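Below you'll find the structure, written out as structure tokens, and then a few comments.
Read-outs: derived from the displayed coordinates by stated rules, not from any lab. Quick caveat: nothing in here was measured; it's all calculated off a predicted structure. Heads up, the Cβs are rebuilt from the backbone with ideal geometry, glycines too, and the neighbour counts pull from every protein chain shown.
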Amino acid sequence: MQHEYQYFPITVPGKGAGGQTGTWRFVRPVVNLNKCIGCRACWMFCPEATIHVIDGKVEVDYDYCKGCGICANVCPVKAILMEGEDQ
Ligand code: SF4
Ligand code: SF4
């Protein structure tokens with residue numbers, strides 16, 4: 001029996017589908033690089049494709065991050081904390 005597979009994009013192609021967010025985001029993800037193990041789960045699940053892993057280190061593009069907190073939720077070692085923009 002043959003199965004027909006459908007493929008779904010994990011993220012919308014292209015960075016920042018929600019536009020620049022710096023003006024309306026009220027929390028931001030802050031990465032503790034001492035805890036990060038470079039697993040890339042945050043990179044894989046970020047819906048805005050604003051996380052980059054460079055030389056095993058996570059960087060967030062805050063121009064486009066919308067502060068949804070998905071990256072913090074999926075991080076297996078809790079290396080990402082969501083902090084208020086006013087902190
Ligand atoms: S909070 Fe995390 S998952 Fe959400 S847009 Fe920002 S970097 Fe991506
Ligand atoms: S999910 Fe957590 S441990 Fe994995 S790369 Fe991102 S910050 Fe690092």
Of 26, 45, how do they rank once you tally other Cβ atoms within 10 Å and put the fewest first? 26, 45
Which net charge results for the neighbourhood of residue 25, defined as the other residues with beta-carbon distances under 9 angstrom from its beta-carbon, given Lys and Arg at +1 and Asp and Glu at -1? +1
Which net charge results for the neighbourhood of residue 62, defined as the other residues with beta-carbon distances under 9 angstrom from its beta-carbon, given Lys and Arg at +1 and Asp and Glu at -1? 0
Ranked 21, 50, criterion: other C-beta atoms within 10 Å, fewest first: 21, 50
When 81, 33 are ranked with the fewest other C-beta atoms within 10 Å first, the list becomes 33, 81
What is the sum of charges around residue 76, taking Lys and Arg as +1, Asp and Glu as -1, for the other residues whose C-beta is under 12 Å from the C-beta of residue 76? +3
Globularity index of the stretch 27-84, i.e. its alpha-carbon radius of gyration over 2.2 N^0.38 Å: 0.96
